[in-house]
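Laboratory data are not the source of any read-out in this text; all were calculated from the coordinates shown. Everything numeric in this text was worked out from a predicted model, so none of it was measured. Methodologically, a virtual Cβ is constructed for each residue, glycine included, from the backbone with ideal geometry; neighbour enumeration extends over all protein chains shown.
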């Protein structure tokens, strides 16, 4: 069973990626689009009770989603 905090972090990733996609659609593509919100994600995850493995998986997911933009 997944940790509730893990699910919260996934939702935060979705929110950040969707925001980056909206920015891309309105202003055009730019380098580091999406990646610039990594600090916000790390700050958010630091407040959640996540294991190192969960944090690593979430960051991998974040990077993969940023690559898709």
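Summary of values
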| item | result |
| --- | --- |
| Single match in 8, 21, 40 (criterion: closer than 17 Å to residue 68 by Cα and either in contact with a helix residue (DSSP H, G or I) (Cβ under 9 Å, 6 or more places away or on another chain) or surrounded by 10 or more Cβ atoms within 10 Å (Cβ to Cβ) (or both)) | 21 |
| Selected residue (only one of 28, 34 is surrounded by 10 or more Cβ atoms within 10 Å (Cβ to Cβ) and at positive phi) | 34 |
